[in-house]
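Heads up, the thing below is written out as structure tokens.
The values are calculated or read from the model by the stated rules, or taken from the named source; none is laboratory data. Model, not experiment: these values are computed from the prediction. Quick reminder, even Gly has a Cβ in these numbers, built from the backbone with ideal geometry, and neighbours come from all protein chains shown. In case anyone asks, the SASA skips ligands and DNA or RNA and just uses the protein heavy atoms, side chains included. Shrake-Rupley method; radii C 1.70, N 1.55, O 1.52, S 1.80 Å.
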Amino acid sequence: MSRRTPLYAEHLALGARMVDFAGWEMPIQYTGVIAEHQAVRTKAGLFDLSHMAQIHVRGAGAAAALDAAVVSQPSSLAPGRAQYSIIVDSAGLMIDDLVIYRRAEDVFLVVSNASNGEHVARELGARVGQSATVSDDSPDAALIAVQGPAAVTILTPCVQLASEKPLDSLAGYASSEAHLRTREREVACMIGRTGYTGEDGFEIYLAGVDASLVWRALLGNGASAGLQPIGLGARDTLRLEAGMPLFGNDLRSDLTPYDVGFGRVVRLDKPGDFVGATALRARSSASPGVGRQLVALRVTGRGIARQGYAVLSESGESVGRVTSGTQSPTLGHPIALADVAAAAGPWSVGRRVAVRVREESVAAEVVALPFRSEEHTSELQSHLNLVC
């Protein structure tokens, strides 16, 4: 039986179409994927992300223990900062990708994908040992995001940061303890200027018992600014336009971070050892033709590249497969991410390939990320630089 977030009844009341996602009953859409996608790009969207796992690592040894557990260097974070990270096994293969927040000197919040949360919590517990405590707080937690150009306008009147500074003073990949005012009462939360859409926005971490109160307050406060509830369908098209990979599609447990272009997340130079370090050192020094590569494709022929479709070389040889693909609502043409053999490269921008769509070869070309139009490229590239 699928699990339900604390906002399940709110979704039903809003007429959402619910589907099973990673063992959770989640809204796939409310008014329609394209309309919701455009709402986030032009105004703002409200997301229920409470299916994501929230794992706290606490104690005087938490920073060093996390350094030994993941590929990045959480100890380098100042309190109130966050970083993108990856946890791998001893062979350097990905278990999950993460966002790690340093909430205080000895308190870290590790956010993982819903399908991997229990696995990540077990791994962290085993790797941390007696150095710190690991608690999977997911059952009692909620996560609500406001994403889009109007996010600051919507949240400023109701969010009070612990520092008492303006909400807009919070930088990208920064966070703060805060209170969110609703009509009934104030709600304690942590708010981060993070997201998965390529737009400016915030993610609000709070207790599950407060989720409905905050959800309704935000919908009411944001109505005049065009805030709309957004389902997982638009979340997927938004993240794909922004060039953000999804674990289970573009990131997988049979690949290393180097196979998906995330080698720069791996801190081989950090003090001490970490799980997977030996394997990743060997992989980092391998020749360019070794392993896999994640590339971005623009489909120039007639047809949409869907997950699992074969990618063909100029000679018609199968050299990989599409991992995520859609018709871009913003650009008006099909886009895709594809897992290809590095040995079939070089995979330089402009290379002509094809995608097998219903037994036909449809023309495509390799393009740079993000997919978005030129006026958004610098904004999204700044986001990708922060992530990595």
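Data for the structure
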quantity: Lys, Arg +1 and Asp, Glu -1 on Cβ, resulting dipole of the range 250-383 about Cα centre, debye, nearest 20; calculated: 140
quantity: Assigned charges on the beta-carbon of Lys, Arg, Asp, Glu; the range 192-332 dipole about Cα centre (debye); calculated: 120
quantity: Cα gyration tensor shape of the range 21-147, rounded if a/c is under 1.5, else prolate or oblate by comparing a/b with b/c; calculated: prolate
quantity: Helix-derived mean residue ellipticity, 222 nm - over the chain, DSSP H n ≥ 4, -39500 (n - 2.57), to 500; calculated: -6500 deg cm²/dmol
quantity: Solvent exposure of the chain as accessible area per residue, Å², 1.4 Å probe; calculated: 41
quantity: Prolate/oblate/rounded label for the range 92-251 (Cα gyration tensor, a/c 1.5); calculated: oblate
quantity: Vicinal HN-Hα couplings computed from phi for the range 135-152 (Karplus, 6.51 cos²θ - 1.76 cosθ + 1.60; Hz; Gly/Pro x); calculated: 10, 8, 8, 4, x, 10, 10, 9, 9, 10, 10, 10, 10, x, x, 9, 4, 4
quantity: Surrounding net charge for ASN221, when Lys and Arg each add one and Asp and Glu each subtract one, Cβ distance under 11 Å; calculated: +3
quantity: Cα gyration tensor, the chain - rounded (a/c under 1.5), prolate or oblate; calculated: oblate
quantity: Modelled FRET efficiency - R0 45 Å, GLN327 with THR156, Cβ distances, 0.05 increments; calculated: 0.85
quantity: Most to least accessible of HIS119, HIS51 (protein chains only, probe 1.4 Å); calculated: HIS119, HIS51
quantity: Low-density loop cleavage sites - trypsin sites (Lys or Arg not before Pro) in the range 279-359, where at most 15 other Cβ are within 10 Å (DSSP); calculated: ARG302, ARG306, ARG358
quantity: Chymotrypsin sites (Phe, Trp or Tyr not before Pro) restricted to the range 1-66 and DSSP loop, no more than 12 other C-beta within 10 Å; calculated: none
quantity: Amide H partners (placed H, <5 Å) of GLN307, local residues excluded; calculated: GLY325
quantity: Size of electric dipole in the chain: Cβ of Lys, Arg +1 and of Asp, Glu -1, about Cα centre, debye, nearest 20; calculated: 420
quantity: Table column - 3J(HN,Hα) (Hz), the range 45-52, Karplus curve with 6.51, -1.76, 1.60, x for Gly and Pro; calculated: x, 10, 10, 9, 10, 5, 6, 5
quantity: Cut-off under 5 Å, modelled amide H: who pairs with VAL367 long-range; calculated: ALA296, LEU297, ARG298, GLY350
quantity: Full-stretch length increase - GLN38, ARG17 - with 0.36 nm per residue and alpha-carbon distance subtracted; calculated: 5.7 nm
quantity: Vicinal HN-Hα couplings computed from phi for the range 270-275 (Karplus, 6.51 cos²θ - 1.76 cosθ + 1.60; Hz; Gly/Pro x); calculated: 6, x, x, 9, 8, 4
quantity: Residue range of the chain that is longest and free of GluC sites (Glu not before Pro) which are both DSSP loop and sparsely packed (at most 14 other C-beta within 10 Å); calculated: 185-313
quantity: Surface share of carbon and sulfur [accessible, 1.4 angstrom probe, percent] for the range 72-140; calculated: 45
